[in-house]
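Contents: one structure, followed by commentary.
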Amino acid sequence: MSKQDVAGNAEVPEAQAVSESEIAVHWKEEATIYPSPEFIGQANLTDPGMFERFSLENFPECYKEYADLLDWDQYWHTTLDTSDAPCWKWFVGGRINACYNCVDRHLPKYKNKAAIHFVPEPEDEPLYAITYQELYVRVNEFAALLRDFAGLKQGDRVTLHMPMVPELPVTMLACARLGVIHSEVFGGFSGQAAADRIADSGCRVLITVDGYHRAGKMINHKVNADVACEMAEKLGQTVDKVLIWQRYPGKSVSDTPMVEGRDFIVNDVLKKYAGKRIDPVSLPAEDPLFLMYTSGTTGKPKGCQHSIGGYMAYVAGTSKYIQDIHPEDVYWCMADIGWITGHSYIVYGPLALAASTVIYEGVPTYPDAGRAWRIAERLDVNIFHTAPTTIRMLRKAGPDEPKKYNYHFKHMTTVGEPIEPEVWKWYYEVVGKGEAIIVDTWWQTETGGFLCSTVPALHPMKPGSTGPALPGIHPVIYDEDGNELKAGSGKAGNICIRNPWPGAFQTIWGDRERYVDTYYAKYCKDPNSKDWRDWPYLTGDGAMLAADGYYRILGRIDDVINVAGHRLGTKELESAALTVEDIAEAAVVPVVDEIKGRVPDVYVSLKPGFDSDEEAKRKVVAAIETTIGKIARPKNVYIVPDMPKTRSGKIMRRVLAAISNTLDIGDVMTLANPDVVEDIRVLVQGKEKVATKKGPEDIERFGDD
Ligand code: WT7
């Protein structure tokens, strides 16, 4: 590593002496670790000149290099069209098909190679591989069914509510082949959560699975489809076809009855389309490929709309250069395809590069703490990708398990939340056996692909820091007033990206105004400008830039809780709690959790005449699970006499967050009802006072305006 800034900027200010309290972080700067010569020797990206080629001077044309990893039906005439700022259009004039790029184009060379390895959760059930040829056949037949049986055509939206089975990528690719926009809802979400998304995106077809294995149980998933259709109807959206894949073709694992005329078993209908081939539809590069919903500050999830050409170029490029995927690699990303990580880095990125991607159905520690490592050994996985929450869980369940298995990773990823250096080191030394490099990739549902990470063969790793920005990504950290916080200032601020990039989402489905307000309004230099330089993208994260050019992400600056690496909007949880008739007011705050990072604590006050009993708490938990899903289950529900409020009546969530996390509550005398604070504190913590002065940045700041 030279003295220069890792992003290639010549000048790096010397680190200034910064006092402990100025540094809004909770672990010290760690020493760096260099990639091994073996890794560097085989890596896809070893040329530091890449940063020069992707500098702002060469923007946006530099991204041709990513787009050239794809096969285009027609080359584009405009790399970046800013005429509808801030809705950026990439590779305009180009025509392309995502499915063709993930499947068809690999056939001449790789038709007999595994595209997908499927590992069922039950260990006595054989795992199997789907070759590129087989994937091609399945995708074509299902595309024929979607077109000719379900009547779907280019531009239609379709909701998928599917767990981790190979039929999920088959379905996504079949949609992509036709230009049908898929909107996959995480399988663990409730039927009602699916309904909200069906209604928002206007889907009349729902694709699901009858059931799947999870933690040793067979989950009846079909039942969620019934709830989804019923609730969507109430929201004004009729679902007229439900297509149900069977976990075991020919045999139903769900006893939920079929609805005549609405529900169809996919493999029954598929028989009619055996051997069918559908030409991939040649689509404008800037057409949408899919929607992915994510939580925000209001109760309503946002449908992030991703493009075909830009998104595919970005995930192919980052899979190649940051994930270091080669066609001969066996790549296992343990995320769920129901999240953006799975879309970009289980399905579209790896398949665009003709890799073999692993899909594991179940829980990483089922039936025991060695399961993940047995899978790695058996398939000879050499690239591994997961989240800190899973790493913590694996470490707790079996700190020495990896040693028992003969697998070798060259590359590992951590994603989704900050990773504690101590956990990072276990990942590096024990899981990676000191042989694998680690990339800590920071990005979001909206960004389509990575924003910050080390380039594995070029930069040393620094535990607890995501690293520098990717080639072509130019971040800036602003304080509240829009002043730039420089490298080494020791101050945290709002991290933004100065420039558009091809992987960025195009808009929020049906709500351009919310898109502009949420992501661009804060630091926009001129709302009428068509120049991208006037539109920094607000990520919503707090961050700090060290003198060496490495970013450290501190967490969300909005009312969003990062639970096990996934975003939950506190407003969504609060509105769910308020559906319980006993509840007058609800406030949700994050509480630190050893495994999941953060989990929600729910404070409720009851309406007059309702008793403060266990029953009300149970109802709140049930309401949250049915509205959102088990993933949002609160750690605690507290029934409080009243909420701490300002004189203007605003609930002071920050005070509640301090109580939940036994932090110093600070001065509450200006509140309308200061006395209630101590009552709540005693209720939560007991009589004795044991507050710590400082806590994690996201929690200390939680609820600030
Ligand atoms: C939020 C995005 C990106 C896929 C998974 C989550 C946090 C993400 C990191 C990281 C620290 C991270 C941020 C971000 N985050 N990666 N490497 N280090 N924080 O996607 O649900 O859209 O959440 O996750 O707060 O804004 P998401």
Would you list the strands (runs of 3 or more DSSP E) that sit entirely within segment 384-501 and hold 1 or more residues that are under 19 Å from the mean Cα position of the chain (by Cα), within 16 Å of the ligand (Cβ to nearest atom) and touching a residue at least 12 places away in the same chain (Cβ under 8 Å)? 411-415, 437-441, 493-497
Note down all Cβ pairs under 6 Å where the first residue falls in segment 525-546 and is more than 16 Å from the ligand (Cβ to nearest atom), the second is assigned to a loop (DSSP other than H, G, I, E, B) and of a type in the set (D, E, K, R), and they're at least six residues apart or on different chains. Asp534/Lys525; Asp534/Asp526
Would you list the helices (runs of 4 or more DSSP H) that sit entirely within segment 641-705 and hold 3 or more residues that are under 21 Å from Lys607 (Cβ atoms)? 675-685
Criterion (within 25 Å of Val668 (Cβ to Cβ), surrounded by fewer than 15 Cβ atoms within 10 Å (Cβ to Cβ) and more than 16 Å from the ligand (Cβ to nearest atom)) met by exactly one of Gly609, Gly649: Gly649
Residues in segment 73-92 that are surrounded by 19 or more Cβ atoms within 10 Å (Cβ to Cβ) and under 22 Å from Lys320 (Cβ atoms): how many? 5
Enumeration of residues in segment 508-546 that are within 22 Å of the chain's Cα centre (by Cα) and either surrounded by fewer than 18 Cβ atoms within 10 Å (Cβ to Cβ) or on the phi > 0 side of the Ramachandran plot (or both): Gly510, Asp511, Arg512, Arg514, Asp517, Gly540
Hits in segment 238-261 (condition: open to solvent by less than 40 Å² (accessible area, probe 1.4 Å) and part of a loop (DSSP other than H, G, I, E, B)): Val239, Gln246, Arg247, Val253, Ser254, Thr256
How many residues of segment 335-393 are of a type in the set (Lys, Arg) and within 20 Å of Asp440 (Cα to Cα)? The answer is 1
What number of residues in segment 275-314 are in contact with a Pro (Cβ under 9 Å, 6 or more places away or on another chain) and within 16 Å of the ligand (Cβ to nearest atom)? 7
Kindly evaluate Gly299 against the criterion of being surrounded by 15 or more Cβ atoms within 10 Å (Cβ to Cβ), modelled with pLDDT under 95 and small (Gly, Ala, Ser). yes
Qualifying residue in segment 604-619 (condition: at pLDDT 95 or above and either acidic (Asp, Glu) or closer than 18 Å to Val563 by Cα (or both)): no
All conditions in (1) at pLDDT below 95; (2) touching a Pro at 6+ places or on another chain (Cβ under 9 Å); (3) open to solvent by less than 30 Å² (accessible area, probe 1.4 Å) are true of Ala672 except (3)
What residue, of Val6, Val12, Val18, is open to solvent by less than 20 Å² (accessible area, probe 1.4 Å), part of a loop (DSSP other than H, G, I, E, B), at pLDDT below 95 and not small (Gly, Ala, Ser)? Val6
Evaluation of Ile322 against (1) more than 16 Å from the ligand (Cβ to nearest atom); (2) open to solvent by less than 10 Å² (accessible area, probe 1.4 Å); (3) among the hydrophobic types (A, V, I, L, M, F, W, C) (one fails), failing number: (1)
Thr414 vs. criteria within 19 Å of Gly448 (Cα to Cα), touching a strand residue (DSSP E or B) at 6+ places or on another chain (Cβ under 9 Å) and of a type in the set (Ser, Thr, Tyr): yes
Those residues of segment 552-567 that are part of a strand (DSSP E or B) and either more than 9 Å from the ligand (Cβ to nearest atom) or of a type in the set (S, T, N, Q) (or both) come to a total of 3
Using the structure shown, decide if His343 is of a type outside the set (A, V, I, L, M, F, W, C), in a strand (DSSP E or B) and surrounded by 19 or more Cβ atoms within 10 Å (Cβ to Cβ). no
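The values are calculated or read from the model by the stated rules, or taken from the named source; none is laboratory data. As the structure is a computational prediction, the values presented were derived from the model and not from experiment. Reconstructed Cβ throughout: ideal geometry from the backbone, glycine too, with neighbour counts over all protein chains shown. The protein model used for the area step is the full one, side chains on, heavy atoms only, and it has no ligands, DNA or RNA in it. Shrake-Rupley method; radii C 1.70, N 1.55, O 1.52, S 1.80 Å.
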